[in-house]
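These notes are about the structure you will find just below.
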Amino acid sequence: MCCDLKRRFLLLYATQKGQAKAIAEEIRHQAGVHGLEADMHCMSEMDKYDLETEKDPVVIVISTTGTGDPPDTARKFVKKIQDKTLPPDHFAHLQYGLLGLGDSEYTFFCNGGKTVDRRLQELGAQHFYDTGLADDCVGLELVVDPWIDGLWFALKEAFLLQKEKEGMSSVVNAVSSSLSASPHTVHELNLSSEVQSLKLQDERVRSSDVLSQKLVDINLVASARDTEPSLVHSVPPVSQSALNIPALPPEYLEVQFQDTHGENPHLSSLISEATTFEVPITKAVQLTTEDAIKTALLLELDIADTVFDYQPGDAFCVVCPNNVSEVEELLHILGLSEKGEYFVSVKVKQGTKKKGATHPQHIPERSTLKFILTWCLEIRAVPKKAFLRALVECTSDMGEKRRLQELCSRQGAADYTRFIRDSNVCLLDLLRAFPSCKPSLNLLIEHLPKLQARSYSASSSNLYQPGKLCFVFNIVEFPASPTRPVSRKGVCTGWLAELVAPLLRSNKNTLDTKEESTSIGKISIFARPNNIFHLPADPSVPFIMVGPGTGISPFIGFLQHRQKLREEHTEWEFGETWLFFGCRHQDRDYLFKDELRSFLENGTLTHLKVCFSRDSSSAEVAGPKYVQDVIRLYAKEVARDLLKERGYFYVCGDKKHMADGVSDAIVDILSKEMEADKLEAMKILAMLREAKRYLQDVWS
């Protein structure tokens, strides 16, 4: 189809970590194959599009962040459309399709997309295509791929409808012919073979690397003895299937080595979200014993010389680097060990076929190669299928090439989920497993996402400890596995543990705030305020805290703050406070045991209920092992505080194995105490959430 006949649609994306943008770019690429033109913009670029005058169909891809918030890049857009003065027919002219991204591990699944979808409907906009909600918990591609498949037929129908209104028959007929292969039902639509089918004639595959799509000799992939698939080999039917693989993403960056003279940019230049502060670590305490299953550390930062401010319950982000040895190994595999300290220039490649190609914002215009791999790229990221597709072209061994093709194909979707996604495989793991794969540096910069700062809850009160900011974390451990031959620590927690090793006092489980502090180095942080997870504004209102393990972290800040308020305002009335805490062993990982006892003795904490899941009970009837079970023992008190006293309920910690169980317990309690059925109790809990009186700070 001629370019001037291509039908246009507006493509908007709003992303927090890059996934929505990557999906939007895939839609734009496929649009060209289907004879369409996607006018793609980030939702924050509101000067480049105008929905109030938009006549063409609109496609929206939007993620969700935090506790159900739209991503930062969508906040201005959402604020604009939520204007209460807008009439109900404000967007009556608009036709749109929306793809929301989320994680069902969290309560407000896909809430960013749902918020935009609901508001557009309220303002009169019409769907030309059903909304898709993709779940990162099970794999975004399970919804994303078929949603994109069906998009082209839906767009065709939208343009045909537009034709009736505008009389643009000649243009729409051209689109229709380009889509003539489309079936009459969205769910049966197959993507163009130019996009998905690997053929000998495929112009995107270098002729020397073309693989026949006839049955591949099983011995090329695995020996006859192998009956189970793995990361590096497959079994029938995948090993004997013709493959539908993604289109090869066009390369769009070029990297030029320069000299070794100059300075790398300051870390603050890498952060666009907020102002960064470089602060010293003044204290590090190991809160668990050496024989505990997990190692929990508490770090104290000195923020006295900064304007950094926070409230108990707020989170903040730590700017962290990749592991030094992993960066060195990556350089070695790439054959660039001698080039690590060389400055490189990264520019958009002239003549690239990638539409709208721009210089990645997270890559400095000029810095050393080692700086980019250390501070800019998430080398631990699970490779997307588009990355695997690009790696195929860098692989010389035919068996390895075939397996990479399988892992990024439709037929190998289950293998991708099992051996890549669920196994948390990263680029280094792939390069070890497929030694003939030698990607170029520009390919890595194109496909590896931005190295994200890690978020932590404040475990202190600025009122109680002026000029100090504390936080608690477990050192994350990734054990070795068949897909990962070496064990690893978390990117940030492993780095922090190594950084504070000189300060650790493993035999001390209490905070001695009077002890003289010594600094061992500085880290960069920036604020990530939580506008919801805060103490009740009215101190007379009771509140209940549930925080097993390191989930107790923000509640230490709550209690410190409450203690100081009680000391300074003796005339105030204070509501009762509950804390439900749980851990594995009383003598190994009972975090803040002495501090909690002190809060209990001075009246700051009214009720402390603790359970230990791995300790054997000497009683004839074993006590409850988990916090959700302990909560049920105090059903009348919990119901009274929530319903009669209009109290607040806070949950912090693991989502899947704790927070869901706690919400189930509350539903049972409300049902029992109100003599209502479970559905009615669930509605009441939903109302508590809506009123911001049942609050969660959870992670998966």
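The values are calculated or read from the model by the stated rules, or taken from the named source; none is laboratory data. Quantities reported herein were computed from a predicted structural model and do not represent experimental measurements. Counting neighbours? That spans all protein chains shown, and the Cβs are built from the backbone with ideal geometry, glycine included. The protein model used for the area step is the full one, side chains on, heavy atoms only, and it has no ligands, DNA or RNA in it. Shrake-Rupley method; radii C 1.70, N 1.55, O 1.52, S 1.80 Å.
For the range 579-591, indicate whether the set of residues that are open to solvent by 70 Å² or more (accessible area, probe 1.4 Å), modelled with pLDDT of 95 or more and over 30 Å from GLU498 (Cα atoms) is non-empty. Looking for residues that are open to solvent by 70 Å² or more (accessible area, probe 1.4 Å), modelled with pLDDT of 95 or more and over 30 Å from GLU498 (Cα atoms), one finds none in the range 579-591, hence no. Looking across the range 250-289, the residues that are touching a Leu at 6+ places or on another chain (Cβ under 9 Å) and closer than 30 Å to GLN30 by Cβ come down to GLU251, LEU253, VAL255.
Condition first: crowded, with 21+ Cβ neighbours inside 10 Å and either hydrophobic (A, V, I, L, M, F, W, C) or free of Cβ contacts under 8 Å to residues at least 40 places away in the same chain (or both). Now tell me which residues in the range 454-472 satisfy that. Before the answer, list the steps.
Initial filter on the range 454-472 (crowded, with 21+ Cβ neighbours inside 10 Å): 456-462, 469-472.
ALA458, LEU469, CYS470, PHE471, VAL472 - these are the residues of the range 454-472 that are crowded, with 21+ Cβ neighbours inside 10 Å and either hydrophobic (A, V, I, L, M, F, W, C) or free of Cβ contacts under 8 Å to residues at least 40 places away in the same chain (or both).
Within the option set LEU431, LEU407, being touching a helix residue (DSSP H, G or I) at 6+ places or on another chain (Cβ under 7 Å), in a helix (DSSP H, G or I), touching a residue at least 12 places away in the same chain (Cβ under 8 Å) and more than 20 Å from VAL238 (Cα to Cα) holds for one residue only, LEU431. SER268 versus (1) among the hydroxyl-bearing types (Ser, Thr, Tyr); (2) farther than 30 Å from ALA537 by Cα; (3) under 26 Å from the mean Cα position of the chain (by Cα); (4) buried (at least 19 other Cβ atoms within 10 Å of the Cβ): which is the lone unmet condition? Only one criterion in (1) among the hydroxyl-bearing types (Ser, Thr, Tyr); (2) farther than 30 Å from ALA537 by Cα; (3) under 26 Å from the mean Cα position of the chain (by Cα); (4) buried (at least 19 other Cβ atoms within 10 Å of the Cβ) is unmet by SER268, namely (4).
Close contacts from the range 323-341, counting a first residue that is in contact (Cβ under 8 Å) with a residue 40 or more places away in the chain and a second that is of a type in the set (S, T, N, Q) and open to solvent by less than 40 Å² (accessible area, probe 1.4 Å), with Cβ to Cβ under 8 Å and a gap of 6+ residues or different chains, come to VAL324/THR374; VAL327/THR374; GLU341/THR368. Residues in the range 272-288 that are surrounded by fewer than 16 Cβ atoms within 10 Å (Cβ to Cβ) and in contact with a Ser or Thr (Cβ under 9 Å, 6 or more places away or on another chain): 2 in all.
Name the single residue that is most open to solvent (accessible area, probe 1.4 Å) among those in the range 328-342 being of a type in the set (A, V, I, L, M, F, W, C) and not in a loop (DSSP other than H, G, I, E, B). Once the filter is applied, the top-ranked residue is ILE333.
Yes or no, residue by residue, for (1) open to solvent by 20 Å² or more (accessible area, probe 1.4 Å); (2) touching a residue at least 24 places away in the same chain (Cβ under 8 Å); (3) touching a Gly at 6+ places or on another chain (Cβ under 8 Å):
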{"position": "LEU642", "(1), (2), (3)": "no, yes, no"}
{"position": "TYR648", "(1), (2), (3)": "yes, yes, no"}
{"position": "GLY653", "(1), (2), (3)": "no, yes, yes"}
{"position": "VAL667", "(1), (2), (3)": "no, no, no"}
{"position": "LYS678", "(1), (2), (3)": "yes, no, no"}
{"position": "ALA681", "(1), (2), (3)": "no, no, no"}
{"position": "LEU695", "(1), (2), (3)": "no, yes, no"}
{"position": "SER700", "(1), (2), (3)": "yes, yes, no"}
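Tell me, yes or no, whether the range 402-416 has at least one residue that is open to solvent by less than 40 Å² (accessible area, probe 1.4 Å), under 26 Å from THR15 (Cβ atoms) and acidic (Asp, Glu). The answer is no, given that none of the residues of the range 402-416 is open to solvent by less than 40 Å² (accessible area, probe 1.4 Å), under 26 Å from THR15 (Cβ atoms) and acidic (Asp, Glu).
Out of everything in the range 101-110 that is touching a residue at least 40 places away in the same chain (Cβ under 8 Å) and open to solvent by less than 40 Å² (accessible area, probe 1.4 Å), what residue ends up being nearest to ALA659 (Cα to Cα)?
Within the range 101-110, the first condition is being touching a residue at least 40 places away in the same chain (Cβ under 8 Å), and the residues that meet it are 101, 103, 105-110.
Then drop every residue that is not open to solvent by less than 40 Å² (accessible area, probe 1.4 Å), which leaves 101, 103, 105, 110.
On the way: LEU101: 22, ASP103: 15, GLU105: 10, CYS110: 18 Å.
Taking the candidates together, the pick is GLU105.
Give me the pairs, please: first residue somewhere in the range 479-503 and more than 11 Å from PRO321 (Cβ to Cβ) and in contact (Cβ under 8 Å) with a residue 40 or more places away in the chain, second residue anywhere and part of a strand (DSSP E or B) and small (Gly, Ala, Ser), beta-carbon distance under 6 Å, and either six or more positions apart or on two chains. Going by the 6 Å Cβ cut-off, the qualifying pairs are VAL500/ALA284; LEU503/ALA284.
Return the residues of the range 613-636 that are among the polar types (S, T, N, Q) and at pLDDT 95 or above; say none if nothing qualifies. Hit for the range 613-636 is GLN628, nothing else. For the range 559-577, filtered to residues that are in a helix (DSSP H, G or I) and of a type in the set (A, V, I, L, M, F, W, C), the residue that is nearest to the chain's Cα centre (by Cα) is LEU559.
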